[in-house]
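Heads up, the thing below is written out as structure tokens.
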Amino acid sequence: MNRKTILFTSMLLLLSFVLSACIGLIPLKEEPVTGEFGPKTSLQDQQTKTFEAIWKNLQDNYIYFETANVDWDGLHDRYLGRIQAGLTPDEFTGLIQDLETELPEGSLLYESRAERIESDTADTSSYEGIGAFVGFNKDPEPHIVLLAVIEGSPAEKAGLQAHDSILAIDGNPIDLEEGISAVDRVRGPAGSSVTLSIQSPGTRERSVEVKRGKLASTGKLEAENLPGTNYGYLLFPPVGYNGMEADVLQSLETFTTNKKMEGLILDLRIASSTRGWPLEALYTMFGNGLMGDFYTRNEKQAVDITGKDSFSSQKVPLVLLVGQNTTGFPEIFAASLQADKRATVIGETTPGTIETTSSYYLPDGSQVFIATTSFALPNGQEVGTTGVIPDLVVQAGWDEVLPEKDPVLDQAVRYLDEQP
């Protein structure tokens, strides 16, 4: 299962203020009592209770429980039989991970009690590694793609750049089954080193040694007026951040100062964030009217926007670039503006990874994240099922972009040139 696709938020807060995209407050349940004063249950009984709790949450909350092509009764009985045959704690964890892979991608993520405690106490403002945002491609061979490289990071100092591919880590190739989790092999303690087999677009494979460091998880909007045109270009980073809305407005002001902006290209090809992504603000800048509906199994909330023109944002010809790494709120944003005929979408079909999850504590102290919220366009189209299908398809991945040759961006410029 590709864990990069799991998007964290709280269903309760999402329904009350769906566009905030913040991590919600998760109601805490008391840890199970253990030791000589608590109720004594067998390991098998505890595993059974934990499994049934997962199943109950799936039945009650999983957004696609009633529509997914899954034999739920057969799946339940098969897994319960494995538990009743006797499992060690590690084998039980493996069983739930097997369950993850049998459900549609992104539906379920399980954390053991130890993993939950580690994630609860981890400092998520920083991490130790090489300093790059990454994606995963399985063709023509499994490899990690560098979506963006953090300025001043060990990756940048080692000469790595966006669009580079990692083919092997310390001599071991990227495995198809591990997918994006292969990046865990790149991370490690600050001061240690990792040897990467790197291939830049149009070049031969080379070996690069990178000394890891301690880094902040940051990204930044990139803006430029495309040379020889009056077209503005904004490249959105992989993650959202405080101040992104202000940076977009500042860029629009720059694009329109003492000149007319004749077109605007919003590049969402590496934008894959829900948390911190200013969806409501961007809807207001570029959209107007009903954008669609966020919904759970029991409730639906319409996203109805009153657009506000900021530096020609409501009038300028608009192009959105998308690709295989466009997920979350950026994917929803692109789908809405395309359906509203406000923007033309160019690139590759997106994966439809838009569901947000809710967290549930389990009897053994572990927790499970279940996809509970999705999004549909006003015409009823399920973005999570179809993804965003471009108006103009250009089959060129992020790892195929050369410094002076970007087929998707080139197509966007040609499209704007052809507009009256």
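The values are calculated or read from the model by the stated rules, or taken from the named source; none is laboratory data. Not measured: the values here are computed from a predicted model. Reconstructed Cβ throughout: ideal geometry from the backbone, glycine too, with neighbour counts over all protein chains shown. Note: areas computed on protein heavy atoms with side chains; ligands, DNA, RNA excluded. Shrake-Rupley method; radii C 1.70, N 1.55, O 1.52, S 1.80 Å.
A few notes on this one:
- Among the candidates ILE270, ILE265, residue that is closer than 23 Å to LYS405 by Cα, of a type in the set (Val, Ile, Thr) and at pLDDT below 95: ILE270
- Index of the failed condition, ASP73 passing every other in (1) without any contact (Cβ under 8 Å) to a residue 40 or more places away in the chain; (2) over 30 Å from GLY352 (Cβ atoms); (3) not hydrophobic (A, V, I, L, M, F, W, C): (2)
- Region 232-246, residues that are part of a strand (DSSP E or B) and surrounded by fewer than 20 Cβ atoms within 10 Å (Cβ to Cβ): LEU234
- Residues satisfying the criterion are absent from region 265-282 (criterion: in a strand (DSSP E or B), β-branched (Val, Ile, Thr) and within 19 Å of ALA158 (Cα to Cα)).
- Number of the exception - ILE117 against (1) at pLDDT 85 or above; (2) outside any loop (DSSP other than H, G, I, E, B): (1)
- Residue within region 328-337 that is under 22 Å from PRO420 (Cα atoms), in contact (Cβ under 8 Å) with a residue 40 or more places away in the chain, acidic (Asp, Glu) and surrounded by 16 or more Cβ atoms within 10 Å (Cβ to Cβ) present: no
- Listed by first and then second residue, the pairs linking a residue in region 226-245 that is closer than 14 Å to LEU147 by Cα to a residue that is open to solvent by 40 Å² or more (accessible area, probe 1.4 Å) and not in a loop (DSSP other than H, G, I, E, B), with Cβ atoms under 9 Å apart and 6 or more places separating them unless they lie on different chains, are LEU235/GLU222; LEU235/ALA223; LEU235/GLU224; PHE236/GLU222; PRO237/GLU222.
- In region 73-94, the residues that are farther than 15 Å from ASP45 by Cα, open to solvent by less than 80 Å² (accessible area, probe 1.4 Å) and modelled with pLDDT of 95 or more: GLY74, LEU75, HIS76
- Residue within region 224-232 that is among the small types (Gly, Ala, Ser), over 16 Å from ARG342 (Cα atoms) and modelled with pLDDT under 95 present: yes
- Number of residues in region 363-377 that are touching a Leu at 6+ places or on another chain (Cβ under 7 Å) and of a type outside the set (A, V, I, L, M) equals 2.
- Of the strands (runs of 3 or more DSSP E) that lie entirely inside region 313-420, those containing 1 or more residues that are under 28 Å from LEU252 (Cα atoms) and of a type in the set (Ser, Thr, Tyr) span 344-347.
- Taken together, the criteria place ALA168 among residues that are modelled with pLDDT of 90 or more, part of a strand (DSSP E or B), aliphatic (A, V, I, L, M) and open to solvent by less than 50 Å² (accessible area, probe 1.4 Å).
- Some residue of region 252-265 being under 21 Å from the mean Cα position of the chain (by Cα) and farther than 22 Å from GLN324 by Cα: no
- Of the residues making up region 396-417, one or more are over 23 Å from the mean Cα position of the chain (by Cα), crowded, with 22+ Cβ neighbours inside 10 Å and more than 19 Å from ALA68 (Cα to Cα).
- In region 174-190, the residues that are hydroxyl-bearing (Ser, Thr, Tyr) form Cβ pairs under 7 Å with partners that are surrounded by 12 or more Cβ atoms within 10 Å (Cβ to Cβ), at six or more places apart or across chains, as follows: SER181/ARG3.
- Enumeration of residues in region 301-341 that are under 24 Å from the mean Cα position of the chain (by Cα), closer than 25 Å to LEU226 by Cα and among the charged types (D, E, K, R): GLU331
- Failed item in (1) surrounded by 14 or more Cβ atoms within 10 Å (Cβ to Cβ); (2) at pLDDT 85 or above; (3) not hydrophobic (A, V, I, L, M, F, W, C), with SER217 passing the rest: (2)
- Subset tally (residues that are of a type in the set (Phe, Trp, Tyr) and farther than 19 Å from GLN97 by Cβ) for region 40-77: 2
- Any chance GLY352 is free of Cβ contacts under 8 Å to residues at least 40 places away in the same chain, open to solvent by less than 10 Å² (accessible area, probe 1.4 Å) and farther than 24 Å from ARG113 by Cα: yes
- Single residue of LEU249, LEU264, LEU290 found to be surrounded by fewer than 17 Cβ atoms within 10 Å (Cβ to Cβ), touching a residue at least 40 places away in the same chain (Cβ under 8 Å) and in contact with a Phe, Trp or Tyr (Cβ under 8 Å, 6 or more places away or on another chain): LEU249
- The condition (being charged (D, E, K, R) and open to solvent by less than 50 Å² (accessible area, probe 1.4 Å)) is satisfied by just one residue among ARG212, ARG187, ARG204: ARG212.
- Checking each residue in region 195-231 for being in contact with a Leu (Cβ under 7 Å, 6 or more places away or on another chain), part of a strand (DSSP E or B) and closer than 18 Å to ASP164 by Cα picks out SER197, ILE198, GLN199, VAL208, VAL210.
- Condition met for LEU160 (within 30 Å of LEU109 (Cα to Cα) and out of contact with any Cys (no Cβ under 8 Å at 6 or more places or on another chain)): no
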